[in-house]
1. Kindly list, by first and then second residue, each pair from a residue in the stretch 37-63 that is free of Cβ contacts under 8 Å to residues at least 60 places away in the same chain to a residue that is of a type in the set (D, E, K, R), limited to pairs with Cβ atoms under 8 Å and residues at least 6 apart or on different chains.
2. Quick check: is even one residue across the stretch 74-86 assigned to a loop (DSSP other than H, G, I, E, B) and hydroxyl-bearing (Ser, Thr, Tyr)?
3. Output the residues belonging to the stretch 28-48 that are basic (Lys, Arg) and either within 9 Å of His16 (Cβ to Cβ) or not in a helix (DSSP H, G or I) (or both).
Amino acid sequence: MPKPTTKTPLTPAVLHILLALSTRERHGYGIMKQVESDSEGKVKMGPGTLYGSIRRMIEAGLIGESDKAIDPDMDDERRIYYKITGQGQAALTAELQRYRAVVAVARHKRLSPNPVAYGT
């Protein structure tokens, strides 16, 4: 994965992982469950996709391993927690701006199957 810039669209997996990490640090299984929850069950990320994406995202500087101290009574101390970086936050912000622009075009063209969405 090349170093992303704010002009590079994100893959769906990367977008979902960044969204999951945007509110707090999470371990791999926590990321998978958050993605599933955020997408209302429409996106289910398997371990291969998740950990392959995490590895590439760390290499690209979008996320990093957290220094979060694990309470062994509350969690498995082998779990690695991940956090979004400043570069990851910038990429997420740019991607969300791209999505907003696409939605604005769709609204302008009245492409929604629900005309009530446009106040008509």
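Each value in this text was obtained by applying a stated rule to the coordinates, not by laboratory testing. None of the values given here were measured: they were computed from a predicted structure. Because the Cβ atoms are built from the backbone with ideal geometry, glycine has one as well, and the counts that use them run over all protein chains shown.
1. Hits for this filter: Val43/Glu36; Lys44/Glu36; Met45/Glu36; Ile58/Glu65; Ala60/Lys3; Gly61/Lys3; Ile63/Lys83.
2. If we filter the stretch 74-86 for residues that are assigned to a loop (DSSP other than H, G, I, E, B), which is where we start, we get 74-80, 85.
If we keep only those that are hydroxyl-bearing (Ser, Thr, Tyr) too, we end up with 85.
Yes, the stretch 74-86 has at least one match.
3. Initial filter on the stretch 28-48 (basic (Lys, Arg)): 33, 42, 44.
Correct list: Lys42, Lys44.
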